[in-house]
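For reference, the structure discussed in these notes is given below.
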Amino acid sequence: MLLDLSEEHKEHLAFLPQVDTAVVAEFGRIAVEFLRRGSNPKIYEGAARKLNVSSDTIQHGVEGLIYLLTESSKLMISELDFQDSVFVLGFSEELNKLLLQLYLDNRKEIRTILKELAPCPPSYRSLEWRLDVQLASRSLRQQIKPSVTMKLHLDQNGDHSTHVLQTDPATLLHLVQQLEQALEAMKTNHCRRVVRSIK
C-alpha cells in the first residue's frame, strides 16, 4: 500500500533536500520527540536561525516528517512501499535511505505513542431493564402507555459509570433496527478495508 501524499504535504517536505542529511536526521529526531512530548516553537526558532530560513519553513518540514512517519506507521507500510511512496517526492537516494532508516527505527515506538493517544471509548459491562405499562390514570380510565427503562453499566479506564435511559417500545425497536443495519454494513468489503487501515 502506497501513501497518498497531498500537494501541500509534498510542498512541506520539499524543504528537506535543501539541507544536509544530518539536519534531516535531526528533524526526524525532533519529529519523534514532538510525538512524545508535544510541539515546542522554540526549537523551530532556533533551527530557523541556524539555517537562515523562516521558522514556518522549519515547522512545515518537521510537521511533514511527522505526517510521513505517523501515516506510514499507522498503516504498517513495508520497506518497499515506503521507498516507493518517498520516491515520488524526487529526493536523492541518500535522503530516501535516511528517511527509510528513520521510519524503520521509529515505527514501533510511533505506533505505541499513537495507541496511547487514541481515545478509549467506554465498554459495556451490564444492562438492567424494566417494562412499565400505565393502564389507566385519573383522567383516562382506559389507556395503555408502555415504557422501557434501562440501566446501562459501562467501564472506562477502570471507572464504572451508570446511565439510566427511558424510551417507548417503538423508539427502542427503531434503535435496534438501526444497530442491526450498522452491523450488516460492517460486513461489507469496503468497511473491512477501512477497519484494516485504521488498525
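Against the chain, whose longest principal axis is taken from its Cα atoms, helix 21-37 shows a tilt of about 20°.
Under the convention that each Lys and Arg Cβ holds +1 and each Asp and Glu Cβ holds -1, the size of the dipole of segment 99-170 around its Cα centre is about 340 debye. Basic side chains Lys and Arg get +1 at the Cβ, acidic Asp and Glu get -1 at the Cβ, and with that the dipole of the chain about its Cα centre reaches some 1120 debye. In the chain, inverting the average of 1/r over every pair of distinct C-alpha atoms gives 21.4 Å as the Kirkwood radius. The calculated 222 nm mean residue ellipticity attributable to helices in the chain amounts to -19000 deg cm²/dmol, summing -39500 (n - 2.57) over DSSP H runs of n ≥ 4 and dividing by all residues.
Against the chain, whose longest principal axis comes from its Cα atoms, helix 55-75 is set at around 60 degrees. Cα centroid separation, segment 175-189 to segment 122-170: 23 Å. Rg and Dmax of segment 1-46, both derived from C-alpha coordinates alone, stand at 12.4, 37 Å. Relative to the dominant Cα principal axis of the chain, helix 189-198 is inclined by about 60°. With no solvent and one equal point scatterer per Cα, compute the Debye intensity ratio I(q)/I(0) for segment 1-87 at 0.10 Å⁻¹ and report its log10, rounded to two decimals. Taken in order of the listed q values, log10 I(q)/I(0) reads -0.24.
Bear in mind that the values in this text are calculations on the coordinates, not laboratory data. In this text, all values refer to a predicted model and were calculated from it rather than measured experimentally. Cβ: placed from backbone, ideal geometry, glycine included. Neighbour counts: every protein chain shown.
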